[in-house]
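Structure first, then comments.
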Amino acid sequence: MNQRRVKIEEMLLAEPNDEFLRYSLALEKQKDGELEPALALLSSLCGGDKPYVAAFFRSAQWLAEISKIEEARAFLRDGIDAARQQGDL
């Protein structure tokens, strides 16, 4: 496990709901070859009242890389909708 991931996990103990830290952990998991857990973490960030918009794009990228094109498109469409709702487009 890389040092950056260890540090992020330590910080998440103090701030378990920090969206940026959770997003960062997903990136580190993917770097460590843990794509499915990384995608699950990103998916959790895409839900709720105020979805984390960057998680949609990153999910779509990774899904496209493993040839899950329709799932990737769905994440992109949902991400655009979420960004519009948040005034972030």
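Listed values, structure above:
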quantity	calculated
Pairs with Cβ under 7 Å, 6+ apart, first in region 24-42 and modelled with pLDDT of 95 or more, second of a type in the set (S, T, Y)	L39/S59; L42/S59
Subset of region 49-75 (residues that are in a helix (DSSP H, G or I) and more than 15 Å from L27 (Cα to Cα))	A64, I69, E70, E71, A72, R73, A74, F75
Any hit, region 13-22, residues being small (G, A, S), under 26 Å from I66 (Cα atoms) and at pLDDT 95 or above	no
Residue within region 5-17 that is in a helix (DSSP H, G or I) and in contact with a Phe, Trp or Tyr (Cβ under 9 Å, 6 or more places away or on another chain) present	no
Extreme residue, farthest from Q86 (Cα to Cα), among residues of region 12-34 that are among the aliphatic types (A, V, I, L, M) and surrounded by 15 or more Cβ atoms within 10 Å (Cβ to Cβ)	L12
Test: S67 is among the polar types (S, T, N, Q) and surrounded by 13 or more Cβ atoms within 10 Å (Cβ to Cβ)	no
Filter result (out of contact with any Leu (no Cβ under 8 Å at 6 or more places or on another chain), within 24 Å of N17 (Cβ to Cβ) and polar (S, T, N, Q)) within region 37-89	S43, S44, Q85, Q86
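The values are calculated or read from the model by the stated rules, or taken from the named source; none is laboratory data. Everything numeric here is computed off the predicted structure, so don't read it as measured data. Note: ideal-geometry Cβ built from the backbone for every residue, glycine included; neighbour counts use all protein chains shown.
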